[in-house]
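The values are calculated or read from the model by the stated rules, or taken from the named source; none is laboratory data. All of these numbers come straight from a predicted model, not from anything done at the bench. Neighbour counts are summed over all protein chains in view; Cβ atoms, including those assigned to glycine, are modelled from backbone coordinates with ideal geometry. Keep in mind that these areas ignore ligands, DNA and RNA; they rest on the heavy atoms of the full protein, side chains included. Shrake-Rupley method; radii C 1.70, N 1.55, O 1.52, S 1.80 Å.
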Amino acid sequence: MKIKLFVIFIFGLFNSLWSQKTEIIFDVHYKSRKIGTIHAVEHRSENQTVKGIKTITNTEILRVTIHVESEISVIYKDSALIKGVAYRHSNKGNENVHSTVIKTNNNTYHIERNGKKEKLEDIKINFCDVDLYFIEPKGIENIFSTMYAKMLPLKLVSPGKYRLVTPDNKDSYYTYTNGKLILVEANTALGKVLSKRL
């Protein structure tokens, strides 16, 4: 029994030394009322990092219920993206997304978004949309969007505030205090949605 407990203790110690977990929760607000949450999780080990964000929102406009779920997950190995998956599903169906990016060799990625396939060559992806939830992007001017499956411009608006420019004019603003993300302002088909860190 003592040996079994010792093995469990060593395994737990090993995991705590080689795998660190970070969780962040945001409340999502639309027109001053809470409509959902964003759950961001990061797992770090010696040479691999897994990050993900999951968003669930529900609101009612003109007696019509709108339910949207989205999830983005990325895997980095030795600081380079090796796989990313994103999906968004709405009960209205008009903005559904399913996107996958997979690294095939040193600087090549295969991408599939909503059935359309393409290849990115001669590029190293080391900062994605998910990373915005865990680290302030100081000095970074372009990031890879797993949801849009392309590189997007990131502009510094003011100290600690950044604008992610999207191809469909639904730009988002990310505000940081002491390097921590505290507010996301997203332009959506419904209007502006605010996500505030708890």
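Worth a mention:
- Breaking point among (1) polar (S, T, N, Q); (2) closer than 29 Å to GLN20 by Cα; (3) at pLDDT below 95; (4) open to solvent by 70 Å² or more (accessible area, probe 1.4 Å), for ASN107: (4)
- Residue check for VAL85: under 23 Å from LEU164 (Cα atoms), of a type in the set (A, V, I, L, M, F, W, C) and at pLDDT below 90: no
- Of residues in the range 135-155 being touching a Lys or Arg at 6+ places or on another chain (Cβ under 8 Å) and open to solvent by 80 Å² or more (accessible area, probe 1.4 Å), the one farthest from THR100 (Cα to Cα): LYS155
- Considering residues of the range 72-86 that are part of a strand (DSSP E or B) and open to solvent by 70 Å² or more (accessible area, probe 1.4 Å) only, the residue farthest from ARG44 (Cα to Cα): LYS83
- Single unsatisfied condition, LYS180 versus (1) closer than 16 Å to ILE38 by Cβ; (2) within 15 Å of the chain's Cα centre (by Cα); (3) of a type outside the set (Phe, Trp, Tyr); (4) open to solvent by less than 50 Å² (accessible area, probe 1.4 Å): (4)
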